[in-house]
Amino acid sequence: MNHSSERRGSRIAAPGIAALALAAALTGCAAPRGATGSAAEKVYVKPGTYDAYYAFLSGGHSGQVYVYGIPSCRHITTIPVFTPEPAVGYGVDEETKAQLGGRTWGDAHHPGLSETDGDYDGRWLFINDMPGARIARIDLRDFKTREIFGPIPNVSAAHACPFPTPNTEYVFAASRFSTPVPNRPEKIADYAKQFRGVVAGVKVDPKSGHMSLGFEILMPPFDWDLADAGKGPSHGWEFFTCYNSEQAYDSLEVKASQNEMDFIAAVDWRAAQAAVDAGKAKTVGGAPMLDPRDVPGLVYLFPVPKSPHGVDVDPSGEYVCASGKLQAEVSVFSVKKILAAIAAKRFDGERMGIPVLKYEDVIEAKVPVGLGPLHTQFDGKGNAYTSLFLDSQIAKWKIGPPWNVEDKIDVYYSIGHLMASEGDTRHPTGEYVVALDKLSKDRYINVGPTKPEGAQLIDIRGTKMELLYDFPTYLEPHYVQMIRAEKLKPIDVYPLAENNRPGAVKRAEDARVERKGARVDVYMVAVRSHFTPDVIRVVEGDDVYFHVTNVEQDSDIAHGFGVLWSSNNMQIEPGETKTMHWKADRAGVVPFYCSNFCSALHQEMQGYLEVHPRGTPVAAMQRPDPRKVAEVAALMAHPGDVR
Amino acid sequence: MHYLIDRFAPAERRLIWIAALVLIPVFFFPVLPIWAMKLWAPQYREGLTLTICTNTIKGDLQSINTLNHYVGMKHITADDFREFRFMPQALTLFGFLALLGALVNRRWLAILGWLAFTGFAGFMFLDYARWLYDYGHNLDPRAPIKLALFTPPLIGWKQMANFKVLSVPMPGTLLLGVAWLLGPLAIVLEMRDAKRAAR
């Protein structure tokens, strides 16, 4: 009797414990990770565990993208985009060399994650090269820059770029510095007459992500500054701020700061595409150019006080928030009112054929945030966060009456952009804000006059913002995109079975050196810890193309391929094939080696090029030592069995 | 003698049916792994896996071969094992023998089939052990890393250089074991019934 009741007790206890464990797991999910505890605890990510967010920081004039883990603020990796990166061979191997098109510099300002239904879908990251008017697409499957689109014709300084639409139908580019369109020699004094701004809509293929030019719109020669896509009720519109509606062409600092009001342009991108499809565009500089005078309803302007910078649409899509740099307020415009004014055709004149709405008709609220407001982000809980450049602060304010400021926090120093976690989507997660400070000054141990950029992590889960961490970055993040880590599913290795590149060799038996005239193609296999072939004969003056396939399928077993006394180096990931050109410009012996530490016998992973004097006869086909091939072939047998 | 040419009782005959049912599908659906080896090293915390089925060997073969070439071990490939070309057929054949034993319902036939099956299983175990011995003892003398000759574990744990290796039978073998046990079980049950009847 006693015995059985004990048993019954344990039977009850077991589900009880299970329920407790379940409850603990559930609360663990419901409460944001690390919501309580000290700042140190909130940013501490234990060795061997992962961050909750990826943060993609634009690299500014470094031309790259930095990937950080949030909340640890650890620098995870750097993705080369507009700038060659010899460590991995970006801009060195033939494919990426062609992708960069000879350029070695870009100024990467605004990363934009691809979206589906207004939320990040984790497929691609777009980023602009402002001075080059180019847009790059990074594939988040392998974190590699897979496409650089542009230079976009007629666009000069693509600053309002790329700011994708809610289903990544389009990314945009608008001219910050107007020029003659098409570009031609003109007197700068004829600015107002001859210069034009341009807004370009770049179509994104929904499957491949491939970019193509959809349309361009001729705009007044104002300085088109920033953009954001409408969503929900404002879906179909892209909003662009501008300064210099004065149309000054020199001393802009003063002359472009005279007007009380500049503008936001609301572009109906669906109407633009329809107009192009209906043949209403003229070809200018190779682009289908629309003139707003020919296409009514394409663009509307509405006044915004004092040289606005950022424009940000709130998660509901109802409010458009713009920050006049030279005032102490954020101007909030109502999409409902904008659409009503357009419908009622209540205009207050026009600029270059673009109807101008009345400020009083569309303004909803003015929020007294503080000095130098630049950008606004959202937490999805009805709050907005505006960066204040002059005050070096972030102001948290309530969206909706009474439109009051709820909290402020100091940042160090001179904040530009800020980004809330998934804060420009329809569903911000409301956990963190990353502040990007233009000056770091005295925040880090001194490294001389070139200071690092300052980034700061701020916890926005509570009613008061809390500064958690300072982290320095290399030059110079302008904007961030922060996405929940589980939304990305990057690959570990490139499946060798799917490697169909023309230069690929998957078996040592197929490795060889082929000669056609002065062109030599080396089809090479790299595997721990040798290259096949590793002795290659060429002749002075040969153009040698190394096609190197890393046949490994093990995670993180990359091989490097570097040639001595040259700028020729690249890294080949497991399953990948890369092609690199090297000119045999001098007779002699030139060693090559694996430049990425791969294995216990990495030091032995090397080979030689015999460069014979001009005119030396060399076989049209060289195959490596058959004994060695047999060895390697045995090792590499049955690549089909792999995984 | 009578005992051998006699028929099974219905319950025991059912056990022979079951054994046939387990064995016959092997050739047609050789899906269950019969043995597996898992190898862990500091930089392979997730472990590398070798899985042996009746007709092939699979898993992280390429990774394991890549690593093994440092110690000069022969590469492991399914084509090297003649066993994979007859093992599924043989097991299915034993299934048909069991089926025949149950259909004809003669003890001697069933026992003969069981004995052949037992012999085959024993042979395969020895064969597997021989392969393991072979891999660890035919090392290329020119290998970059010279190891003392070794035999990977047939079953259980073993530390080999920087790898900790676990070798275990998989569900296929367990199922085959159950099929094998059905033979003795049938006989034991019959003996018990005979004793009861005698009392």
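Every number in this text was worked out from the coordinates using simple rules, so none of it is lab data. Bear in mind that the values here come from a model prediction, so they are computed numbers and not experimental data. Cβ coordinates were reconstructed from backbone atoms using ideal geometry, including for glycine residues, and neighbour counts include every protein chain displayed.
Can you classify the range A:84-241 as rounded, prolate or oblate using the Cα gyration tensor, where a ≥ b ≥ c are the square roots of its eigenvalues, rounded means a/c under 1.5, and otherwise it's prolate if a/b beats b/c and oblate if not? The shape class here is oblate. Annotation: extensible slack from B:K195 through B:R130 equals 19.0 nm (criterion: 0.36 nm per residue apart, minus Cα-Cα distance). Fully extending the segment from B:T77 to B:A11, taken as 0.36 nm per residue of separation minus the present Cα-Cα distance, adds 19.3 nm. In a simple Cβ point-charge model (Lys, Arg +1; Asp, Glu -1; nothing else charged), the protein assembly as shown has a dipole of about 3140 debye relative to its Cα centre.
Can you put A:M289, B:M124 in order, fewest other beta carbons within 10 Å first?
B:M124, A:M289
Rounded to the nearest whole Hz, the Karplus-based 3J(HN,Hα) values (6.51 cos²θ - 1.76 cosθ + 1.60, θ = phi - 60°) of the range A:365-373 follow the sequence 7, 10, 9, x, 7, x, 7, x, x, with x at glycine and proline. With the alpha-carbon atoms of the range A:53-487 aligned to their principal axes, the span from lowest to highest coordinate is 58, 55, 43 Å, starting with the largest. Entry note, chain A: the mean residue ellipticity at 222 nm calculated from DSSP H runs of n ≥ 4, each adding -39500 (n - 2.57), is -3500 deg cm²/dmol after division by the residues and rounding to the nearest 500.
Database remark: amide H of A:Y90 closer than 5 angstrom to the amide H of A:E85 (H placed geometrically; neighbours at sequence offset of 5 or more, or on other chains; Pro and chain starts carry no H). Treating cross-link reach as a plain straight distance, find the aspartates and glutamates whose alpha-carbon is under 16 Å from the alpha-carbon of B:K74, omitting any fewer than eight places away in the same chain. Within the straight-line cut-off, B:K74 pairs with A:E631, B:D60, B:D134, B:D140.
Bridging of A:K345 to lysines at a Cα separation below 24 Å is possible for A:K231, A:K280, A:K336, A:K337, A:K358, once same-chain residues fewer than 8 apart are set aside. Counting Cβ atoms of other protein chains within 10 Å of each Cβ in A:349-361 and taking the mean gives 0. With the convex hull of the Cα atoms taken as the outline of chain B, the averaged projected area works out to 13.6 nm².
Here is the size of the range A:290-396 from its Cα atoms: Rg then Dmax, 14.8, 45 Å.
Could you work out, residue by residue across B:51-64, how many beta carbons of other chains sit within 10 Å of that residue's beta carbon, and then give the average as an integer?
Per residue, the number of nearby Cβ atoms from other chains is 3 on average.
Residues whose amide H lies under 5 Å from that of A:L357, counting only those 5 or more places away or on a different chain, are A:L301, A:F302, A:D348; hydrogens are built 1.01 Å from N in the peptide plane. Taking Cβ atoms as reference points and 10 Å as the exclusive limit, the residues near B:R7 contribute a net charge of +1, counting Lys and Arg as +1 and Asp and Glu as -1.
Residues A:V304, A:V539, A:V434 in ascending order of nearby Cβ atoms (within 10 Å, fewest first): A:V539, A:V304, A:V434. Classify the range B:30-112 as rounded, prolate or oblate from the Cα gyration tensor: take a ≥ b ≥ c as the square roots of its eigenvalues, call it rounded if a/c is under 1.5, otherwise prolate when a/b beats b/c and oblate if not. Here the range B:30-112 falls in the prolate category. Per-residue mean of foreign Cβ neighbours for B:65-78 is 4 (Cβ atoms of other chains, 10 Å radius).
Model label points for A:D190 and B:T151, set 7 angstrom from Cα along the Cα-to-Cβ axis, are 9.5 nm apart. Its DSSP H runs of at least 4 residues, each contributing -39,500 (n - 2.57), put the calculated 222 nm mean residue ellipticity of chain B at -17500 deg cm²/dmol, to the nearest 500. For the range A:499-643, count all C-alpha to C-alpha pairs, find those more than 20 Å apart, and express that count as a whole percent of the total. Looking at the range A:499-643, the distances longer than 20 Å represent 43 percent of pairs.
Of the DSSP H helices in chain B, those that are both long (alpha-carbon extent of 18 Å or more along the helix axis) and hydrophobic (Kyte-Doolittle mean at least -0.5) are B:10-23, B:83-100, B:107-137, B:171-198. For the range A:227-267, the spread of Cα positions along the three principal axes, ordered from largest to smallest, is 40, 17, 12 Å.
Note on chain B: dipole from Cβ charges, positive end direction compared against B:T77, B:A9, B:W157; the farthest Cα belongs to B:A9.
Looking at the square roots a ≥ b ≥ c of the eigenvalues of the Cα gyration tensor of the range A:249-304, which shape do they give, rounded for a/c under 1.5, prolate if a/b is larger than b/c, or oblate?
oblate
Within the protein assembly as shown, the proportion of Cα pairs with more than 50 Å between them is 40 percent. Global size of the range A:393-476: 14.1, 48 Å for Rg and Dmax (C-alpha atoms, Rg to one decimal, Dmax whole). Fewest neighbouring Cβ atoms within 10 Å first, the residues B:C53, A:C321 line up as B:C53, A:C321.
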